[in-house]
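**Q** Before anything else, here's the structure in question.
The values are calculated or read from the model by the stated rules, or taken from the named source; none is laboratory data. These numbers were taken from a predicted model, which means no experiment stands behind them. Glycine also receives a Cβ, built like all others from the backbone with ideal geometry; neighbour counts cover every protein chain displayed. In case anyone asks, the SASA skips ligands and DNA or RNA and just uses the protein heavy atoms, side chains included. Shrake-Rupley method; radii C 1.70, N 1.55, O 1.52, S 1.80 Å.
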Amino acid sequence: MLDISMQNFFILTGLMLFSIGMIGFLIRRNLIICFMCIELMLNGVNLVFIAFSHYLQSVIGFMYVLFVMAIAAAEVSIGLAIILMVFRLKASVDMDELNTMKG
Amino acid sequence: MMPVYLAYLFSGLAVILALSTILQKNPVYSAASLIGVMIMLACDYVLLGADFIAAIQIIVYVGAIMVLFVFVIMLLNIEQAKREKLFIPRRVVGVLLGLAIFLKLSIVGYTAKVMLSKGYLKIPKGADSTTAIGKYLFSNYLLPFEVASIVLLVGLIGAVVLGRREAK
């Protein structure tokens, strides 16, 4: 369907999504937005998996994407429960105010 | 040549919406932008011949994960966000680190050689990807499939235990 020269384009898109997610994780202070940036990074990785799987005509990339989605669902449910607990404890979701351990 | 232009359109929109995700002040707008990114990626997956993964992307990510995010944003009921200063030194460092990682990954990606004839667990000629996924998911990948169900069960129980209020 798509010719081989498009492979680099999809990989570039995946890399840009991963980097944008990482920059967002580093510069934002809101816990929920940082968590969304992790999802963005996972999506960039998934796009690279699918692109390689398409051009190699192999099913392995699809399998990895399925398992990444399952793990992401479990991770989000646990992580949001932890954020809710932190909010009940400190009444804030600002990362800079969670400094009781003086990291 | 139509799929090529569609690929440019979907991927460009995905990158723009991703930038919008990390630059919005309001978490609700941020979540909406992230939903847009995921829908655009599902369109890309359709172009790449992964119909089943595109459907799962919409159902799981947009239908479950992002709805959970929006629920939690509503539940937290955050008062109007205090004015964040735009330029603090940590942000400049973060942007520089991110750009360095991007440059590094691009160099590796463009210089690595991939043997295009060597993929294994091939999708058979004429079969669609859904058939191949079903065939290999219940034969070669049966153990990871079962383990994923246990991981999801652990996530379920953990969310219930963590989210419970202390009983007095």
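**Q** Can you give the local net charge around residue A:67? Use residues other than it whose beta-carbon is closer than 15 angstrom to its beta-carbon, Lys and Arg +1, Asp and Glu -1.
**A** Overall, the nearby charge balance is -2.
**Q** For chains B and A, what's the summed buried accessible area, probe 1.4 Å, to the nearest 100 square angstrom?
**A** Roughly 7100 Å².
**Q** When only C-alpha pairs under 8 Å and at least 6 residues apart count, what is the relative contact order of region A:4-98, in percent?
**A** Answer for region A:4-98 is 29 percent.
**Q** Ignoring ligands, DNA and RNA, what percent of the accessible area of chain B is carbon or sulfur (1.4 Å)?
**A** It is 74 percent, rounded to a whole number.
**Q** Using alpha carbons only, how many angstrom separate the centre of region A:1-72 from the centre of region B:4-80?
**A** Cα centroid to Cα centroid, the span is 12 Å.
**Q** Over chain B, how many percent of alpha carbon pairs lie in each 10 Å bin up to the one with the longest distance?
**A** Whole-percent P(r) values from 0 Å outward: 8, 20, 31, 28, 11, 3, 0.
**Q** Something else now. Apply the Karplus parameterisation 6.51 cos²θ - 1.76 cosθ + 1.60, with θ equal to phi minus 60°, to every residue of region B:99-105 and state each ³J(HN,Hα) to the nearest whole Hz, in sequence, with x for glycine and proline.
**A** Calculated HN-Hα couplings, in order: 5, 5, 4, 4, 4, 4, 5 Hz.
**Q** Now, a different point. Could you check the spin-label model distance between residue A:90 and residue B:149? Points 7 Å from the Cα along Cα→Cβ, value in nm.
**A** Placing both labels 7 Å beyond Cα along the Cβ direction yields 3.9 nm.
**Q** Taking springs between alpha-carbon atoms closer than 10 angstrom, which of A:25, A:52, A:87 fluctuates most in the Gaussian network model of chain A?
**A** Result for chain A, Cα springs under 10 Å: A:87 fluctuates most.
**Q** At what distance in nm do the modelled label points of residue B:162 and residue B:6 sit from each other, each positioned 7 Å from its Cα along Cα→Cβ?
**A** Spacing of the two 7 Å Cα→Cβ label points: 3.9 nm.
**Q** Is region B:126-168 best put as rounded, prolate or oblate by its Cα gyration tensor, with a ≥ b ≥ c the root eigenvalues, rounded for a/c under 1.5, and otherwise prolate when a/b is larger than b/c, oblate when not?
**A** It comes out prolate by the Cα gyration axes.
**Q** What residue among B:98, B:10, A:57 has its Cα farthest toward the positive end of the dipole of the protein assembly as shown, where the charges are +1 on Lys, Arg and -1 on Asp, Glu, each on the Cβ?
**A** Final value for the positive-end residue is B:98.
**Q** Could you work out [θ]222 nm for the protein assembly as shown from helices alone, using -39500 (n - 2.57) per DSSP H run of at least four and dividing by all its residues? Round to the nearest 500 deg cm²/dmol.
**A** The helix-only estimate for the protein assembly as shown comes to -24000 deg cm²/dmol at 222 nm.
**Q** Under the definition of Cα pairs under 8 Å and six or more residues apart, what whole-number percent is the relative contact order of chain B?
**A** 16 percent
**Q** Still on this structure, I have one more. At a probe size of 1.4 Å, how large is the accessible area of residue B:166, to the nearest 10 Å²?
**A** 150 Å²
**Q** Using a 1.4 Å probe, how large is the accessible area of residue B:28, given in Å² and rounded to the nearest 10?
**A** Roughly 60 Å² of residue B:28 is accessible to a 1.4 Å probe.
**Q** Tell me, what HN-Hα J-couplings in whole Hz come from the Karplus equation 6.51 cos²θ - 1.76 cosθ + 1.60 at θ = phi - 60° for each residue of region B:43-49, using x for Gly and Pro?
**A** 5, 4, 5, 4, 4, 7, x
**Q** Given axes a ≥ b ≥ c from the Cα gyration tensor, I'd like to know whether region B:1-83 is rounded (a/c under 1.5), prolate (a/b larger than b/c) or oblate.
**A** Oblate, since a/c reaches 1.5 and b/c is not below a/b.
**Q** Keeping to pairs on different chains or 8 or more places apart, tell me how many lysine pairs in chain B have Cα atoms under 18 Å apart.
**A** Summing the qualifying lysine pairs gives 5.
**Q** Report Rg/Rh for region A:50-103, rounded to two decimals, where Rg is the Cα radius of gyration and Rh the Kirkwood radius.
**A** 1.31
**Q** Same structure, new question: Leaving out ligands, DNA and RNA, what percent of the accessible area of chain A is carbon and sulfur, probe 1.4 Å?
**A** It is 72 percent, rounded to a whole number.
**Q** Could you pull out every residue, at least 5 positions away or on a different chain, whose amide H is within less than 5 Å of the one on residue A:58? Hs are placed 1.01 Å off N in the peptide plane, and Pro or chain starts have none.
**A** B:123
**Q** Taking all protein chains together and a probe of 1.4 Å, list B:165, A:28 from the most accessible to the least accessible.
**A** These residues rank, largest area first, as B:165, A:28.
**Q** Compute the accessible area per residue over chain A, keeping the other protein chains in place, probe 1.4 Å, unit Å².
**A** I get 39 Å² per residue for this part.
**Q** Ok, one more. List the residues of region B:14-45 whose accessible area drops by at least 50 Å² when all protein chains are present, compared with their chain alone, using a 1.4 Å probe and counting only protein heavy atoms.
**A** Residues passing the criterion (a loss of at least 50 Å², heavy atoms only) are B:15, B:22, B:34, B:41, B:45.
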